[in-house]
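Here is the structure we will look at.
Bear in mind that the values in this text are calculations on the coordinates, not laboratory data. All figures in this text were calculated on a predicted structure; none of them were measured in a lab. Cβ: placed from backbone, ideal geometry, glycine included. Neighbour counts: every protein chain shown.
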Amino acid sequence: MLNVTDLRGHTPSKSDIRRALPRGGTDVWSVLPTVQPVVNDIQERGAAAALEYGEKFDHIRPASVRVPAEVIADAEKALDPKVRESIEESIKRVRKVHAEQKPQSHTTELTPGGTVTEKFLPIDRVGLYVPGGNAVYPSSVIMNTVPAQEAGVNTLVVASPPQADHGGWPHPTILAACSILGVDEVWAVGGAQAVALLAYGDEAEGLEPVDMITGPGNIFVTAAKRLVRGVVGTDAEAGPTEIAILADGSANPVNVAYDLISQAEHDVMAASVLITDSETLATDVNREIEARYSITRNAERVAEALKGAQSGIVLVDDMSVGIRVADQYAAEHLEIHTENSRAVAEQITNAGAIFVGDFSPVPLGDYSAGSNHVLPTSGTARFSAGLSTHTFLRPVNLIEYDEAALKDVSEVVINFADAEDLPAHGEAIRARFENLPTANQA
């Protein structure tokens, strides 16, 4: 079912690997002309335009952008107790991990009386986007909200598409998750119009703009983020979800097959890639996928994703090459199914998150491992990180020198100023220790 790429028989270069790997992706540039007018219109007309676009694209117009408090409260009251228990347990685990990520302020003394203090300040107001579409994502509410709360963000607003089946409000499970987390500001708006409204707001309607927008979404959400970047901060651009599994002959083919299927369930453009030095395992996994994928409710979507150009099996000579291939693929999610899996995982440098061993599958990370599931895609894990408490913090330096400390380094600063032909810089230092002539005196 999966296409096979054979890299055996030679030592592939970094360039060879990048060219050979199965890779999907989306062309964000292609939809910018479609999204730009939406962003411009909402910048000009605010909530009225956002509601109009919601009616056009989501086929429903809510009574207001902001979801009434009683609707949010009712959603929590109606939540299935088992779902509530799962949400609360996942929040507890995610909060513990993200609370321990928060860095501490520290002071470096360069000389007696000369210090630099680095402190970490939270973003003031953040917009958290939670998609609709093929599934319901209370997990994305948790993964966006908890790190922002642990960073100390002052105010949060969750935006999620209106649902025709639920009176024009976001899905009740989304609203319930917000309520459990203490998020009382939720906007019934989705897609590019949500991103634009978060960026520009409509204060006449009580919709204050945010300073940063995070959260996954489709290509139109991604394009809108690109267009408003600079007006607000954004997290990494999210492409279709992906899993890579690095496995040797010791791996369980049934488990590997199910993990590849589970990620393909997200979207027809989702990528599922197996990297292995065992041709036997590759054959067995392909067979198990064929035998098992059709039993899932989303079998048609799974099949399209697994047969797509973005999915496949990559055969390598040995695990050392497999590690190099995995690093070049730089998967959003990378599972390690090998002997000494922790030792192999320690050799990986490029991945959004690494899942070690047979009992750490990606679905665990999607919900309840404690890690974050908003991760870099499309190979950007080579230079980007997933969402974390750090995302919502800004390091700021406090520079504090007394007279003696400045005098001690003054010659160094003046020499630099002269070398760069910026004499006023040096004069700003000298004026503190010398009586410099005025223009009349000169």
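Give me the dipole magnitude in Debye, nearest 20, for the range 256-367 about the Cα centre, with unit charges on the beta carbon: positive for Lys and Arg, negative for Asp and Glu.
Working: 7 positive and 19 negative charges, 50 e Å.
Value, rounded to 20: 240 debye.
Going toward the positive end of the dipole of the chain, with +1 on Lys and Arg Cβ and -1 on Asp and Glu Cβ, which of HIS106, GLN163, ALA291 do you reach last?
With unit charges placed on the Cβ atoms, the residue in question is ALA291.
Would you mind checking the tilt of helix 47-58 against the longest principal axis of the Cα atoms of the chain, expressed as 0 to 90 degrees and rounded to 10?
Around 20 degrees separate the two axes.
Can you sort HIS171, HIS333 from fewest to most other Cβ atoms within 10 Å of each residue's own Cβ? Could you put the intermediate results ahead of the total?
On the way: HIS171 21, HIS333 26.
So the ranking, lowest neighbour count to highest, is HIS171, HIS333.
Helix 319-329 against the longest principal axis of the chain: what's the angle in degrees, Cα atoms only, rounded to the nearest 10?
The two axes meet at around 60 degrees.
Just want the answer: with Cβ charges of +1 for Lys and Arg and -1 for Asp and Glu, which residue in VAL67, PHE392, VAL314 is farthest toward the dipole's positive end in the chain?
Value: VAL314.
Roughly how big is the range 402-442's charge dipole about its Cα centre, with Cβ charges of +1 (Lys, Arg) and -1 (Asp, Glu), in debye to the nearest 20? Intermediate values should be presented prior to the final figure.
Details: 3 positive and 9 negative charges, 31 e Å.
That gives a dipole near 160 debye.
For the chain, with a Gaussian network of springs between Cα atoms less than 10 Å apart, report the residue from ARG297, ARG95, ARG226 with the top mean-square fluctuation.
ARG297
With labels modelled as points extended 7 Å from the Cα through the Cβ direction, what inter-label distance (nm, one decimal) is found for SER250 paired with ARG61?
Once both label points are built, they end up 6.3 nm from each other.
How big is the antiparallel share of DSSP beta bridges in the range 150-288, given as a percent to the nearest 5?
That works out to approximately 10 percent antiparallel.
Given the peptides 342-348, 151-157, 18-24, arrange them by the average over their residues of other C-beta atoms within 10 Å, most packed first. Don't skip to the answer; put the middle values down first.
Details: 342-348: 15.4, 151-157: 19.0, 18-24: 17.3.
Highest mean packing first, the order is 151-157, 18-24, 342-348.
Taking the chain as a Gaussian network, where each spring joins two C-alpha atoms under 10 Å apart, which residue of THR234, THR111, THR34 fluctuates the most?
Of the options given, THR111 has the highest mean-square fluctuation.
Around VAL39, with a cut-off of 11 angstrom between Cβ atoms, what is the net charge of the other residues, counting Lys and Arg +1 and Asp and Glu -1? List each step's numbers first, then the result.
Details: positive: LYS225, ARG226; negative: ASP41, GLU44.
So the surrounding residues net to 0.
Once every DSSP H run of n ≥ 4 in the chain is given -39500 (n - 2.57) and the sum is divided by its residues, what mean residue ellipticity at 222 nm do you get, rounded to the nearest 500 deg cm²/dmol? Spell out each step's value before the answer.
Working: 17 runs with 191 residues, N = 442.
It comes out at -13000 deg cm²/dmol, rounded to the nearest 500.
Taking the Cα centroid of the range 58-92 and of the range 1-26, what is the distance between the two, rounded to the nearest whole Å?
So the separation of the two Cα centres works out to 44 Å.
Sort 42-55, 423-436, 182-195, 243-256 by the packing proxy (mean of other Cβ within 10 Å over each peptide's residues), most packed first. Show your work: numbers first, answer last.
Working: 42-55: 19.5, 423-436: 12.6, 182-195: 25.1, 243-256: 21.6.
Going from most to least packed, we get 182-195, 243-256, 42-55, 423-436.
Find how much the distance from GLN441 to LYS119 grows on full extension, using 0.36 nm per residue of separation minus their present alpha carbon separation; answer in nm with one decimal. Intermediate results must be reported in sequence, preceding the final value.
Working: separation 322, 0.36 × 322 = 115.92 nm, distance 4.43 nm.
Length gained, GLN441 through LYS119: 111.5 nm.
Using amide H atoms built 1.01 Å from N in the peptide plane, name the residues 5+ places from SER272, or on other chains, whose amide H lies under 5 Å from its own.
Amide H neighbours of SER272: ILE243, SER311, GLY312.
Only Cα pairs under 8 Å and at least 6 apart count here; give the relative contact order of the chain as a rounded whole percent. Don't skip to the answer; put the middle values down first.
Numbers: 892 pairs, mean separation 94.3, N = 442.
After rounding, I find 21 percent.
Between GLU208 and ARG292, what is the label-point separation in nm under the 7 Å Cα-to-beta-carbon projection?
4.9
For a quick check of your reading of the filter: which chymotrypsin sites (Phe, Trp or Tyr not before Pro) in the range 318-415 sit in a DSSP loop and have no more than 10 other Cβ atoms within 10 Å?
Details: sites: TYR329, PHE355, PHE359, TYR367, PHE383, PHE392, TYR401; in loops: PHE359, PHE383.
When the chymotrypsin sites (Phe, Trp or Tyr not before Pro) of the range 318-415 are filtered for loop state and at most 10 Cβ neighbours within 10 Å, PHE359, PHE383 remain.
Size of the dipole of the chain about the Cα centre, Lys and Arg at +1 and Asp and Glu at -1 on the beta carbon, nothing else charged, in debye to 20? Don't skip to the end; give the middle numbers.
Values: 34 positive and 61 negative charges, 113 e Å.
Dipole size: approximately 540 debye.
Put +1 on the Cβ of each Lys and Arg and -1 on the Cβ of each Asp and Glu in the range 402-442; which of VAL413, ALA439, HIS425 then has its Cα farthest toward the positive end of the dipole?
Final value for the positive-end residue is ALA439.
Report for the chain the percent antiparallel among DSSP-assigned beta bridges with both residues inside it, nearest 5.
On the way: 16 of 52 bridges.
Of the beta bridges lying entirely in the chain, close to 30 percent run antiparallel.
Looking at the chain as a GNM with Cα springs under 10 Å, which of SER105, SER64, SER179 has the largest mean-square fluctuation?
Largest GNM mean-square fluctuation: SER105.
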